[in-house]
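The values are calculated or read from the model by the stated rules, or taken from the named source; none is laboratory data. As the structure is a prediction and not an experimental result, all values here were calculated from the model. Quick reminder, even Gly has a Cβ in these numbers, built from the backbone with ideal geometry, and neighbours come from all protein chains shown.
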Amino acid sequence: MSFEAEQAVLGSILKNPELLDDCYLRPDDFDPEGNNGLVFEALSWAQEAFSNKPGVKYPFDPVLLAEHWGAQLSKIGGNTYLMHLRNAVPSTSNFDHYQKIVREASIENRAARVMREVLNGGKLNLSSVRESLEHLEELQGQTLVDGMKKVSEVLDGHHKVVMARGSRAGLTGARSASNDFNEMSGGHQKQDVTIVAARPSIGKTAYIVNDSRSSAESGYTVGIFSAEMPRVDVAERHVCTIGGIDGKKVRSGRLTENDWDSYSKALSILDNLPIYIDDTPGMTIEYIRRQVKAMKKKHKNLIIYIDYLQLIESEKKFSQNADRVNYVSKQLKQIARTFDVPVIAISSVGRKCEDRQDKRPMMSDLRESGNIEFDADVIMFLYRDDYYYPDTIRKGIIELIIAKGRKIGTATLEMVFDRKTGRFINLSKEDKEKLAERVREHEQAHSKRRAV
């Protein structure tokens, strides 16, 4: 059946060369025992070479083919076989059906080949088998060509989306820990990659703990991939943040009666939140993709957190660390788009920012990869003045510096960071005004001292 379908595909293309533009098949989709794959490759080449050539009306003209291929034409059966294919198809109207049959047969043959390798192979390479099967599954989803759509079609029913946004008070994605960021962006949007970057001990992990709780409370299922610390440590941070408990007390086990009460309440809250943590040692970006795929089948609204980007490995081999980080960065964007999920990833920041007078990080400080800057939709740097200057007037304040916002612009947002509990606390309008006034008074006093 597939051989006849292969001939029907080729015959349809010979009748109407423009069908190649709608064809999703590749040469290796055709039976390797026959010549049809070579014929398809030859026709694809001829269309590209001759379609726009002056004076050529038909790219598969026998004289043209004979002139450019010569003896190689006999490898595909010569002009006689091409004419047989062309005349054997009464109509091209079933072209999509023909190519679907060819693709399905190709997938079945490849799957059978993979299973034979599993059964007969001396050394079983599970990674290779898994990659082959995933590739086949992707091919199954490529039997339709989506392509261009008219804007009016894209916006069909869009008024309902806009009305739904209004009913959610402007929150169109997963709620973040920052009210100001939510107002600015509408929350974490599906298919967006957000990078949260800072120097060590500034509060990166604490931020995603707060952020993931907000996302879970807004109706999203949270998947945290922790490559840096064990899942129990991440879970303890959630407990401390929700319960307002000093992290040192939990680590030492010296909780007061009130702390134990807060601890119990925090556990009860966490029990009702769909937050999942994976701390598989040496996790790879391919492993993360497979886990996200499995989670997405169960949870429509899913958000992914990665802690942290530079620690994620790959099943592919790279000669340089920077190449691996670049690859992981690109794959995160692919995961976000393929599975329609927001991805929030922590990134480390190089030491160069500490050599500057203004120690706030910049995009050029992102470690080991220039690609992060291009792949990310949002880049958020965390900065605490009291990390470098203990006596600062801005003690307890953490800045969320939105250095890149593909759809939202840039800004510097402020929150209170309670280091003991790991809590990120939103500032009210009044709090912001008081802080701004204190900073202004401090700067004026400093200017007067310098003048004296």
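Points to keep in mind about this one:
A quick yes/no check of all residues on (1) in the same structural domain as ILE398 (by TED's automatic domain parsing); (2) of a type in the set (Val, Ile, Thr); (3) under 21 Å from the mean Cα position of the chain (by Cα):
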site: SER176; (1), (2), (3): yes, no, yes
site: PHE181; (1), (2), (3): yes, no, yes
site: GLN189; (1), (2), (3): yes, no, yes
site: VAL196; (1), (2), (3): yes, yes, yes
site: SER201; (1), (2), (3): yes, no, no
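- Checking each residue in segment 1-30 for being surrounded by fewer than 23 Cβ atoms within 10 Å (Cβ to Cβ) and aromatic (Phe, Trp, Tyr) picks out PHE3, TYR24.
A quick yes/no check of all residues on (1) part of a helix (DSSP H, G or I); (2) modelled with pLDDT of 90 or more:
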site: LYS149; (1), (2): no, no
site: SER152; (1), (2): yes, no
site: HIS159; (1), (2): yes, no
site: ALA164; (1), (2): yes, no
site: SER176; (1), (2): no, yes
site: VAL196; (1), (2): no, yes
site: SER201; (1), (2): no, no
site: ASN210; (1), (2): yes, yes
site: PHE225; (1), (2): no, yes
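- Segment 67-90 - residue that is among the hydrophobic types (A, V, I, L, M, F, W, C) and modelled with pLDDT of 75 or more and, of those, nearest to SER44 (Cα to Cα): LEU82
- Pair list, Cβ under 6 Å, 6 or more apart: segment 308-337 residue free of Cβ contacts under 8 Å to residues at least 12 places away in the same chain, other residue buried (at least 17 other Cβ atoms within 10 Å of the Cβ) and in a helix (DSSP H, G or I): PHE318/ARG324
- The set of residues in segment 69-111 being within 17 Å of PRO27 (Cβ to Cβ) and small (Gly, Ala, Ser) consists of GLY77, ALA105, SER106.
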